[in-house]
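Written below as structure tokens is the structure these notes are about.
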Amino acid sequence: MAAEATALPRALIAGIGRFHVEERVTEFPIGWEETDRDAVWAGRQLARWGVDRGSYVLVTAAVWQGPWVSPVLRAVRLAGATFGMADTFGWDARRTATFASRLPLSMIFGLGAATAEALSDSGQLADLFGGVPAILAHPGAHPVLAGSGLHPGLVAFLGPALAVECPQRAGAHVNAAEWLVQESAGGLCISVVGPRAYRAQRVPLGLPGGVVTGPCECGSMDPRVRLG
Amino acid sequence: MPGDRYFQPEIETMPRAGLTKLQTERILELVPYAYERSPFYREMWDAAGVRPADIRNLDDFTQRIPTITRDDIRAFRARTGDPFGGLLCVEPAELTSITSSSGTTNDPEFFPEMWDAQPPLPLASARDLWELGLRPGDRVLTPAGSFRGFFDGLYQMLGLIPLYVDTWMGNWAEVLDAIREHRPAYVQLLGPIIIELERLAARHDLRELFSCFKGASFAGQPLAPRQARMVREQWGLELFVYTSAGDTGTAWECREHDGYHLWEDMVFAEHLATDGQHLVPGGDVGELVATSLDDDAAPLIRYRSEDLVRMTKGPCGCGRTHSRMWVAGRKGDETVVRGRPVVIGDVWAAVESIPETADGLFQIIRRGREVDELRIRVGYEPPGDVAGLAGRLANAIEERVGVLPEILLETVEEILARSSSVAKFPRVVAR
């Protein structure tokens, strides 16, 4: 079946994503070559957390988050690790709990507030996630996880860009070859600097925060974004 | 190469003798493969006194290899601590991904997967999406749920352009804007989304908006007849309903809309009496028992799906030769009230006959299959005379099923907030 599919003509672009800043929707086309580069970059971030062959990585995400998450899924595969999938709805938190209780997870990627709150309400958070070496959570989940004594790393969608914290926990790295995140009076803004299908300069993200430049102790030269 | 109608013409229209030969060859490979690698099958088959060498043809397979249930796998997992229930036939490090069942009634069960190009479940729908009419260059909306895998890679492989829009319920005002802007050819719908669209129809011309679609898929629960008419006749949307192929994949309607096609190069499907091992005639209701033919990671072999279906091996009007099935319900969904059986379909017909509850949103609440009282939670559209509505509903249901139920009314929004699965709305819930 895959042979027939790969023989078909490829579309001009890999997809069209969208992000929201307050009430405004901004769409961005996704080029083919940048999906390859994004997967390689995501792989470097996962490797810093020790993800390699034999690791189990649970990814909690919705399909509409594909522009940010599909490169991570490819990166898990490229590392020879295995990914599990769970939805982000609070009422589906049982699925995340099932993965965490049955498998020796090396990482949970993309944990959101709804899942964290649902598991916190049932008093399961610390027991379920206490033994997971790396939890990369969206900003809204951090207070809930901290309340259970957990110390997640940060993952964030900065407009069209993915930001991932390393084990130094000194801010979420953004791929400097593709994006330029800057501070401005109205909060963070982002520009495209890589050869991407989407071209934009100084797009406001509607997020307060700061940008730290210079080398990180993890070895990365990518700048780090601190939210809030 | 894909043709005008068929994605894989030779396989999709393969004569019955060819399908049987293909299935026989695959099963004769599968049996020793699973016995040597899977502790679950080795234990089950040893206990049944059967060895791979005993299986020389399909008759041996269906008569000697025992059927299995989800409870058998759960019991093995509980006893051994094996997260995969003993089904795994490869080293865990060889797995590419792990998805899971909907988890509508129990904890989700794992589906370990091993693949190169695309995950198995999305890839298996390539023929069905081709039949729906999708072609390279078409734009498609991404589905709401990810628990059975991301579908964007398959869409890309088919030359389609995924529109990454949140299509879960509550966001369809934005989805309609995206449809207006991009004129996509395909979307996946779920029951709660159709209810939301019904609300939005007052402010949007859905027929015009949906005129760009070649089709929409629908899955997860039976579609209420009133909703089906509304979607097809008022909104002009051709729905392609699909269902589970006994947890081995999916089975879709073709453009003839005359049953769900089981791809028999991927699944060996049997149609057995619910209380035994014997085949039932195709026109009668039996339980779908499935064997996955394309899964080297953790194949299900003679798996009792609990799906009650009718089946035929007769060719379809579309020219495809693979079996088709029609779903009659789920084993275990029947409730026996003081000795009188009550089936979902009869309750449904009564609920949707009342204007305020025409969405057909209801759940039977019970402690077990046999109860003394029939309690039904029903979603209604406010405002309304709740006391009077409960009485009318109770009478309508009694007329259909012969039992006067206790009615618990909630608004449609309240009842949808109880969703416990992105894929299925449970019709029977524990008290």
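Each reported figure results from applying straightforward, stated rules to the coordinates on display, with no laboratory input. Values in this document were obtained by computation on a predicted structure and should not be read as measured data. Note that each Cβ is placed from the backbone with ideal geometry, even for glycine, and that neighbours are counted across all protein chains shown.
Peptide A:15-21 shows a mean partner chain C-beta count of 5 within 10 Å per residue C-beta.
Long hydrophobic helices in chain B, taken as whole DSSP H segments with a C-alpha length of 18 Å or more on their own axis and mean Kyte-Doolittle hydropathy at least 0.0: B:386-401.
So for each of A:11-22, B:134-145 I average, over its residues, the number of other beta carbons within 10 Å; can you give me the resulting order with the highest mean first?
Going from most to least packed, we get B:134-145, A:11-22.
Inter-chain neighbour count for B:147-159: the average number of beta-carbon atoms from partner chains within 10 Å of each residue's beta-carbon is 6. Exposure proxy ranking for B:Ser38, A:Ser120, based on other Cβ atoms within 10 angstrom of each Cβ and starting from the fewest, stands as A:Ser120, B:Ser38. For a test of the definition: using alpha carbon positions, the gyration tensor, and the 1.5 limit on a/c, classify segment B:335-430 as rounded, prolate or oblate. Cα axes put segment B:335-430 in the oblate bin.
Taking Cα pairs under 8 Å and at least six residues apart, what relative contact order does chain A come out at, in percent? Computed over chain A, the figure is 15 percent.
What percent do you get for the relative contact order of segment A:110-228 when only Cα pairs under 8 Å and 6+ apart count?
It rounds to 17 percent for segment A:110-228.
Dipole of the protein assembly as shown computed with +1 at Lys/Arg Cβ and -1 at Asp/Glu Cβ about the Cα centre; of B:Pro341, B:Leu209, B:Met230, farthest Cα towards the positive end is B:Leu209.
Taking each residue of A:55-65 in turn, how many C-beta atoms of other protein chains fall within 10 Å of its C-beta, and what is the average? Before the final figure, lay out each step's value.
On the way: counts 1, 5, 1, 1, 3, 2, 2, 11, 17, 15, 5.
Across A:55-65, the average partner-chain Cβ count within 10 Å equals 6.
Each of B:Val90, B:Val342 has some number of other Cβ atoms within 10 Å of its Cβ, and from fewest to most they run B:Val90, B:Val342.
Among the helices of chain A, those built from whole DSSP H runs whose Cα atoms reach 15 Å or more along their own axis and whose mean Kyte-Doolittle hydropathy is at least -1.0 are A:66-78. Restricting attention to chain B, the count of lysine pairs at 8 or more positions apart or across chains with alpha carbons under 25 Å apart stands at 4.
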